[in-house]
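Student: If you scroll down you'll find the structure; I have some questions about it.
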Amino acid sequence: MNAPYHINGSSITLNKKGADSYIKISYPQRFGIYSELETADAVYQFNLNGEIRFLKSKHPQWPDPQEWLKRTIGNDWIYYSTGGYAGVYEAIGEYYLPNLQYPTNSLIGGKPFSNNVVRQSINNWHENIVRIRCDYGTLPQKLVAFFDTILAADPAALAEKARRLFAISGGRVTVLPPDARHVDYDIIPLTIASGCLYKCRFCKVKNAHRFKEKDPEDIDYQLGALRQLYGDDLKNYNSIFLGEHDALCSSSRLLLMGVERGYEKLGFEVSHMRGANFFMFGSVDSLLDADKFLFDQLARMKGNFYINIGFESADQETLDMLGKPVTASRVVTAFQRMQEINDTYGNIEVSGNFLMDKTLPAGHYPRLVELIRESLPRKKPKGCIYLSPLKFDRPSRELVFDFHRLKLQSRLPTLLYIIQRL
């Protein structure tokens, strides 16, 4: 690790090395390579483009010294809280709980953005760095260049970069697969098909576009534009989200092309992060229609593949109420197909989403238990079941109780799904 510069009671460390693989631990951990500015008041961390990435205040009214803010490539701020560690890990499979500034379906978490110090940290970080730079006066050339870079990446520049990202992808990624938690949602979005198949009545996060595959030329354009947009920090990434809402419905040829070209053109071979990961959504019908050839080919490719299926319910009355145009028998068959794939392929994991709500028909929970417990002869380590509240921004102790009851009965890993965008 590079030695830190000590100036006026502060320290600056350039190109600091974090972990080279994503690990689940109960203390703050950074991944890849980043630079850090630590003062008596705060800790600022920047990516390889000089853009602020993490922020933590040392003010006594900061909620917890083990908690921090993270800024995403989409220019959202996320507050990571401990939530008591064990309880959070049991609920979401991670040691830190992401608290979001926009409406989501989370049943747990506090209100860190109502904390005055948290708000001021978000609003004032850039002017604080301007002041710090002025206080430092004459600096070594390396630090002059460092401050020039991080000061140029001001809030307006970061907002413009997010707009460029959305333009490349054809719009903001409104929902990421829950499996992206394995890489802390640090993904590069590559849209290989727009829209989704079903247009379910209950859904609040998918767009109204009809399903349509992208042309290979468009995919190549996106990869070139993304490579330029992520810039030097591209080397801190090793994961792609194959969008939008049902990439599995794409032709095998197109999907495999997206994986192969994405791995090559985004330089995963020389990433600071080991391995490669590909995340995508699928549907009941696209899972059942996907042929064995696709999975055999994915199994031979470099990387891990995570496919998240929106089952929602195995009860016909519930599916009809939700406006999901599939039959319960198709859901059950797709769930069985999910088990077959998870049992067969080591680097492919299919996970599934189901809904929770007190207003769902009486048959919903019994049918769910039939799937996640009674249909399985033993516990399995793969094939996570994500339970999502039907309503947004309505924490409910009753639903938390329902979640824990279902988790205890399930023979598959079972977690809460916190809907997060890019």
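Throughout, read-outs are computed from the coordinates displayed, never taken from laboratory work. Just so it is clear, the structure is predicted and the values come from calculations on it, not from any experiment. Virtual Cβ from ideal backbone geometry, glycine too; neighbours counted across all protein chains shown.
Student: What are the ³J(HN,Hα) values, in whole Hz, obtained from phi via the Karplus relation 6.51 cos²θ - 1.76 cosθ + 1.60 with θ = phi - 60°, for each residue of the stretch 114-123 in sequence order, with x given for Gly and Pro?
Tutor: Using θ = phi - 60°, the values come out as 8, 6, 4, 5, 4, 4, 5, 4, 5, 6 Hz.
Student: If you bin the C-alpha pair distances of the stretch 40-106 every 10 Å from 0, what whole percents do you get?
Tutor: 20, 44, 32, 4
Student: Going by the alpha-carbon gyration tensor, a ≥ b ≥ c the square roots of its eigenvalues, is the stretch 329-383 rounded (a/c under 1.5) or, if a/c is not under 1.5, prolate (a/b greater than b/c) versus oblate?
Tutor: Verdict is prolate for the stretch 329-383.
Student: Continuing with this model, one more query. Skipping prolines and chain starts, which residues have an amide H placed within reach, meaning under 5 Å, of the one on Ser106, given they are 5 or more residues away or on another chain?
Tutor: Asp393, Ile419
Student: Per-residue counts of other Cβ atoms within 10 Å, averaged by peptide: what ranking do you get for 23-32, 368-377, highest first?
Tutor: Going from most to least packed, we get 368-377, 23-32.
Student: Can you quote the Å³ per residue value for the convex hull of the Cα atoms in the stretch 202-289, rounded to an integer?
Tutor: 121 Å³
Student: State the volume of the convex hull built on the alpha-carbon positions of the stretch 170-416, expressed per residue in Å³ and rounded to an integer.
Tutor: About 124 Å³ per residue, rounded to a whole number.
Student: Among Glu90, Glu244, Glu217, which comes first, second and so on when ranked by fewest other beta-carbon atoms within 10 Å?
Tutor: Glu217, Glu90, Glu244
Student: How far is helix 216-230 tilted off the main Cα axis of the chain, in degrees rounded to 10, range 0 to 90?
Tutor: The two axes meet at around 30 degrees.
Student: Mind ranking 261-274, 226-239 by how tightly packed they are, going by the mean number of other C-beta atoms within 10 angstrom, highest first?
Tutor: Going by the mean number of other Cβ atoms within 10 Å, highest first, we get 226-239, 261-274.
Student: Hey, another quick one. Calculate the length of the line joining the C-alpha centroid of the stretch 1-65 to that of the stretch 369-422, in whole Å.
Tutor: If we compute the Cα centre of each part, the gap is 34 Å.
Student: Taking a cut-off of 21 Å, what percent of all Cα-Cα pairs in the stretch 271-422 are separated by more than that?
Tutor: Counting pairs separated by more than 21 Å, the tail of P(r) holds 46 percent.
Student: Related question: Have a look at Lys302, Lys382, Lys142 and tell me which one the Gaussian network model of the chain (Cα, springs below 10 Å) gives the largest fluctuation.
Tutor: Comparing Lys302, Lys382, Lys142 in a Gaussian network model of the chain, the most mobile one is Lys142.
Student: Per DSSP H run of n ≥ 4, the term is -39500 (n - 2.57); total these for the chain, divide by its residue number, and report the mean residue ellipticity at 222 nm rounded to 500 deg cm²/dmol.
Tutor: Result for the chain, helices only: -10500 deg cm²/dmol.
Student: Of the chymotrypsin sites (Phe, Trp or Tyr not before Pro) in the stretch 316-422, which ones lie in a loop per DSSP and count no more than 15 other C-beta atoms within 10 Å?
Tutor: Phe392
Student: Another one. Take the Cα radius of gyration of the chain and divide it by 2.2 N^0.38 Å, with N its residue count; two decimals is plenty.
Tutor: 1.01
Student: Take the Cα atoms of the stretch 287-346, build their convex hull, and give its volume per residue in Å³.
Tutor: 79 Å³
Student: Then there's this: One-quarter of the Cα convex hull surface for the stretch 5-156, in nm²?
Tutor: 9.5 nm²
Student: Further question: For the residues Val130, Val326, Val350, Val43, what sequence is obtained by ranking on other C-beta atoms within 10 Å, fewest first?
Tutor: Val130, Val43, Val326, Val350
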